[in-house]
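> Sharing a structure with you now.
A short reminder: the numbers here are calculations on the coordinates, not readings from a lab. Predicted, not measured: the structure shown is a model, and the values here were computed from it. Here the Cβ positions follow ideal geometry from the backbone for every residue, glycine too, while neighbour counts run over all protein chains shown.
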Amino acid sequence: MHHIFSIASPRNLLAFGGLASLWAMEQCRPFKASADRRPARWARNLFLTLSNGLIVNVFLSGLIVAYVVWLRENGVGLLNLTGCGPRTNVLLSFLFFDFITYLWHRAYHEVPALWRLHQVHHSDLDLDVTSASRFHLLEILLSTVFRTAMLTLWGPSVEAVVIFEAGLLAFAQIQHSNLKLPGLWDARLRRLFVTPDMHRVHHSQVRSHTNSNYSTVFSFWDRWMRTYNVEGIDQVKLVIGLPEFPRREDVTLKKILLMPFLSARGGAPPVEAPSEAAS
Ligand SMILES: [Zn+2]
């Protein structure tokens, strides 16, 4: 129980502190007006955030920390075998898990059965900080199984896991935010990090946009894997969401909870949008 509260409390503070402060900033300096009804959409996204958070933050996070401790005590995993120093452990683990998250995110787009789950996240008709944790519970649970397998392989320290999880959460919130960054900030920041402009392209209805920009923290994974796609795209013209579910009536809470099982497209990855959407 000690481990449950040692990780759950700071993570919850970071999650809701980030959510509240970015939400307040979005109201002062929004990038674009909403397409969906804001209160209803916020209620849907916050319902998913809270229900998933209850299971993942409070229950699973504690088990994962206990598992990471067990791996260390039993010498399981690459870093536990090599016995590298604490700072190297944090740095290498951050890079490893950020790249693994890139690959896993890409798999969610390229494997039809996984896309059925991930399309819930992409069906949001607007993008703001509440989109950051709008995931189907099955996607969260599946990602946890995958991450546990990677922890077993890699064997990071507890500190490395906590720092990566905090960074992942903070970057997910910032890149989904509907924030208009001043001047050239976005262009400068995305030389190294994933920014709101970069991730907004990933949520566009156009297929070539959706199937690009998979990185979460560092933008160089996309550049390296040739999936970086932001320069020259008119951010104001981007239509957010999925062409299969373009209306508010398509993305009610009931419909997004059932979406992985009832997808009209049978789970195929996103289709190419009409040519006018790409213009
Ligand atoms: Zn995605």
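> Note the angle between two axes, namely the Cα long axis of helix 253-262 and the longest principal axis of the Cα atoms of the chain, as a number of degrees from 0 to 90, rounded to the nearest 10.
Roughly 80 degrees, rounded to the nearest 10.
> I want to check the label-to-label distance for Arg191 and Thr152. Put each point 7 Å from Cα in the C-beta direction and report it in nm to one decimal.
A separation of 4.2 nm, rounded to one decimal place.
> Which residues among region 55-69 fall inside the zone where the amide N is under 16 Å from a point 7 Å beyond the Cα of Asn12, along Cα→Cβ?
Counting only backbone N, you get 55-63.
> To continue, here is another question. Using θ = phi - 60° and the Karplus curve 6.51 cos²θ - 1.76 cosθ + 1.60, what whole-Hz ³J(HN,Hα) does each residue of region 102-110 get, with Gly and Pro shown as x?
4, 4, 5, 4, 5, 4, 4, 8, 9
> Can you tell me the 0 to 90 degree angle between the C-alpha axis of helix 158-176 and the longest principal axis of the chain, rounded to 10?
The angle comes out at about 10 degrees.
> How large is log10 I(q)/I(0) at q = 0.14, 0.19, 0.20, 0.32 Å⁻¹ when the Debye formula is applied to the Cα atoms of region 189-242, each weighted equally and without solvent?
-0.30, -0.55, -0.61, -1.36
> Between Val145 and Ala166, how many nm apart are label points set 7 Å from Cα along the C-beta direction?
3.1
> Looking only at Cα atoms, what is the convex hull volume of region 1-141 per residue, in Å³?
It comes to 147 Å³ per residue, whole-number rounded.
> Alpha carbon centre of region 229-261 versus region 50-84: separation in Å?
Computed from Cα coordinates, the inter-centre distance equals 34 Å.
> Ignoring the sites themselves, what is the longest stretch of the chain with no GluC sites (Glu not before Pro) in a DSSP loop and at most 14 other beta-carbon atoms within 10 Å?
Longest run free of exposed loop sites: 1-230.
> So for the pair Ala107, Asn74, with labels modelled 7 Å out along Cα→Cβ, what separation do we get in nm?
Placing both labels 7 Å along Cα→Cβ, they lie 2.2 nm apart.
> Can you find, among Ile64, Leu189, Val162, the residue sitting farthest towards the positive end of the charge dipole of the chain, where Lys and Arg contribute +1 and Asp and Glu -1 at Cβ?
Leu189
> Over 34 Å apart: what share of the alpha carbon pairs of the chain falls there, rounded to a whole percent?
In whole percent, the long-distance tail amounts to 18.
> Now for a different question. Aspartates and glutamates near Lys180 by alpha-carbon distance under 20 Å, same-chain residues fewer than 8 away left out - which ones?
Of all the aspartates and glutamates, those that pass the test against Lys180 - Cα under 20 Å, at least 8 places apart if same chain - are Glu26, Asp36, Asp124, Asp126, Asp128, Asp197, Glu231, Asp234.
> Mind pulling the angle between the C-alpha long axis of helix 2-28 and the longest principal axis of the chain? Nearest 10 degrees, somewhere in 0 to 90.
30
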